[in-house]
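What follows is a single structure, written as structure tokens, with notes after it.
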Amino acid sequence: MAAERRRRAGGGLSGLLLRIREDGKDSIPEHPYLYETDVEISLVGGSCKSPVERFWNGSSAVYIVQKAVSVRESNSMEESRTDDAVYASEVLPKESPEALALSVGRAKQLISLYTMVQNPNMTYLGISDLVVLPPLWARCDGSDPQRTFWIGAEPLKAGNKVTGLNIYMVSCDGPTADKTRFANLEELKMEHKIRHHSSVVTTKGFARYELIAAAAIEDTIAESGSSISVDITWNGVEKTLETPPLISAATLNIALESGDPRSPVFHLYRELQFLLALAEGLKMGVTEWPEPSESESALKLVQEFLTDLKKKLDGDCIFGNKNETEKIKCDTAAVDSCIKSIFGERGDLDFTEQLWCKMKSVSSYQELIDCFTLVIKSLERGEIQPWIHQGSSSFLSQLIQQSYHGKMEDVSLSDITPIHMLLEIGLEKMKKDYVSFFIGKSRSSLLFQDYFISTSVDLQEQVHRVQKLHHMLEIMVSCTGLLQFRHENLFPLTQICMKYYKENPLNEKHVFQLPIRPALVKKFYQNDNPEVWKVEISSGHGQKEVKTTWQVSTNAPVEHGTSNNSGFLSDSTVNGSTEERLYFITMTQCSQVHFT
């Protein structure tokens with residue numbers, strides 16, 4: 001009877017897993033599926049965040065198995081008996097991860113059933129078309145002495161045939177600041193050799209350090225979703241928590257959110273926000289005018305600007321000079337000196353760009369009309385002959401070119417026309433600002449320049465691309481100011497960012513990755529504690545390779561069963577040292593089951 005029950009349970013699980021796999025061929029199902037009465041199964045993959053990604057680096061979709069914490073009403077339960085594959089999302093509420101954990105015993109039962117249905121030798125199950133299923137991971141409650149929080153099973157394949165399984169046991173403890181609880185590397189290696197009957201093992205280390213907090217310039221980046229960290233890997237680990245050697249491979253991870261008031265390019269961010277407000281006004285029909293940020297009104301600034309131009313007309317007709325341009329360059333004096341040395345400053349603002357600098361403080365639609373009325377009348381009367389950049393294509397630039405010949409078309413400053421005109425000159429000005437930053441004296445970034453400054457797309461898309469340019473600039477500025485990057489490091493990072501943003505929409509959550517030499521950032525982490533430190537002990541080759549992984553991390557690698565005091569410091573004294581960082585200790589052990 002027990003064997004028959006096990007056979008039926010295996011057949012039911014196999015049918016459900018196959019159904020979930022079929023449903024997930026085109027897109028990952030959003031809902032979990034109910035198995036028997038106490039378990040729900042989800043397929044996780046693609047863009048979905050996997051709960052096992054912190055300790056398992058597989059790339060395929062996986063089944064996540066956990067407790068179905070709510071029981072359906074009796075009438076619904078009666079209906080479910082005819083179909084084990086009931087959608088759980090309609091009958092089960094959202095619960096905390098702790099409430100979803102299975103007992104370790106139940107998880108082992110499910111892993112055993114999964115092993116059985118993947119075994120091609122189990123012909124008595126009556127599974128005609130045996131297929132390779134995705135790996136399966138069961139969430140556990142850590143109730144056993146080893147504090148097991150996940151058990152996983154991953155098929156080993158030879159072509160389309162399953163030859164065995166890797167079985168993973170993940171245990172976790174902490175958080176703790178007591179380093180006497182940390183493992184000894186030699187003991188870990190010996191345990192691995194005994195468990196897997198191997199005489200030779202290899203070791204590989206991994207460490208992640210947060211660089212923003214350790215950087216020399218304090219408080220440059222406010223608390224936000226921004227982070228700069230470095231991942232370092234190396235072979236031949238000698239002891240746990242060792243500092244990575246300089247011959248290691250390193251990758252810089254950068255995720256930055258724009259808009260920190262302490263950023264040296266915050267003035268550009270504010271300009272961009274006004275540009276976005278104008279673009280939104282065109283799209284929605286209602287413009288939210290910003291509060292005046294200048295001591296003088298935009299109208300008065302434009303009046304003074306035009307008066308000064310009229311005076312110059314009697315002298316040198318070439319517009320402006322370096323000192324005049326420097327004076328109105330939108331607070332570029334606020335840019336940090338290290339940023340200036342890398343990106344330089346524009347000294348070639350034309351009439352429309354300088355007009356934008358005056359008018360970006362307009363606080364009403366009427367003031368906008370009044371400003372453009374003054375400019376157009378001055379052009380019509382020939383009181384000014386302003387200089388504009390060659391290739392400038394804004395409507396105001398066209399009017400200026402017409403004024404050179406003494407004849408201008410009539411302009412009706414009504415409806416959205418003045419907003420459209422101001423958006424155009426702001427776009428042109430800011431595009432040139434960013435291009436100047438990225439190109440500088442080098443023309444090497446021209447590969448993607450046309451995409452970011454193209455006028456062949458509508459204004460809304462142009463604004464979106466300028467947002468991308470600003471995000472890239474924030475990244476370059478942070479790496480320059482925080483990490484003291486030079487051109488040879490900024491250049492490949494710029495290319496990585498430009499390639500991503502040519503193919504993807506704006507995403508300030510995206511993590512940009514740049515391979516670097518550890519020596520480039522060593523001074524920022526050499527005296528700091530890692531966020532993650534891991535050693536991987538392995539033996540065997542190919543499909544017979546098995547690994548043992550020991551890891552400490554400031555964040556809990558499992559979201560259930562441990563109190564996540566992420567990054568907290570201990571107030572207690574441990575080994576005579578105060579303010580020790582709290583770490584979670586995670587061990588992942590692997591064993592194999594072979595079918596042939």
- request: Compute the distance in nm between two label points, each set 7 Å from the Cα along the Cα-to-Cβ direction, one at residue 491 and one at residue 103.
  value: 6.5 nm
statement: Per the C-alpha gyration tensor (a ≥ b ≥ c, the square roots of its eigenvalues), the range 504-549 is rounded if a/c is under 1.5, else prolate if a/b beats b/c, else oblate; here it's oblate
query: Say each of residue 195 and residue 456 gets a label point 7 Å from the Cα, pointing the same way as Cα to Cβ; how far apart are those two points in nm?
result: 5.9 nm
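Would you mind putting 548-559, 351-362 in packing order, based on average other-beta-carbon counts within 10 Å, highest first?
Working: 548-559: 21.5, 351-362: 23.2.
Put in order of decreasing packing, that is 351-362, 548-559.
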task: Name the shape class, rounded, prolate or oblate, that the alpha-carbon gyration tensor gives for the range 154-203, where a ≥ b ≥ c are the square roots of its eigenvalues, rounded holds for a/c under 1.5, and otherwise prolate holds if a/b is larger than b/c and oblate otherwise.
output: oblate
- request: Can you pull the one-decimal nm distance between simple spin-label points at residue 389 and residue 19, each 7 Å off the Cα toward Cβ?
  value: 6.2 nm
statement: Yeah, the range 1-42 with a ≥ b ≥ c from its alpha-carbon gyration tensor (a/c under 1.5 is rounded, else prolate when a/b outruns b/c, oblate otherwise) is oblate
- line: Sorted by accessible surface (1.4 Å probe, heavy atoms of the protein chains only), largest first, 266, 595 come out as 266, 595
task: Find the accessible area per residue for the range 128-190; the probe is 1.4 Å, ligands and nucleic acids are left out, and the unit is Å².
output: 42 Å²
- prompt: Once the piece of chain linking residue 414 and residue 239 is laid out straight, how much longer is it, given 0.36 nm per residue of separation minus the C-alpha distance between them?
  reply: 55.6 nm
R0 of 41 Å, Cβ-Cβ distance residue 591-residue 246: FRET efficiency to nearest 0.05: 0.70
With DNA, RNA and ligands ignored, accessible area of residue 195 (1.4 Å probe; Å², nearest 10): 80 Å²
statement: Mean accessible area per residue over the range 222-300 (1.4 angstrom probe, all protein chains present, square angstrom) is 50 Å²
statement: Length gained if residue 4 through residue 464 is fully extended, taking 0.36 nm per residue and subtracting the Cα-Cα distance, is 159.3 nm
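The values are calculated or read from the model by the stated rules, or taken from the named source; none is laboratory data. On a predicted model such as this, the values are computed, not experimentally measured, just so you know. Note that we place each Cβ from the backbone using ideal geometry, even for glycine, and neighbour counts take in every protein chain shown. Heavy atoms of the whole protein, side chains included, go into the accessibility calculation; ligands, DNA and RNA do not. Shrake-Rupley method; radii C 1.70, N 1.55, O 1.52, S 1.80 Å.
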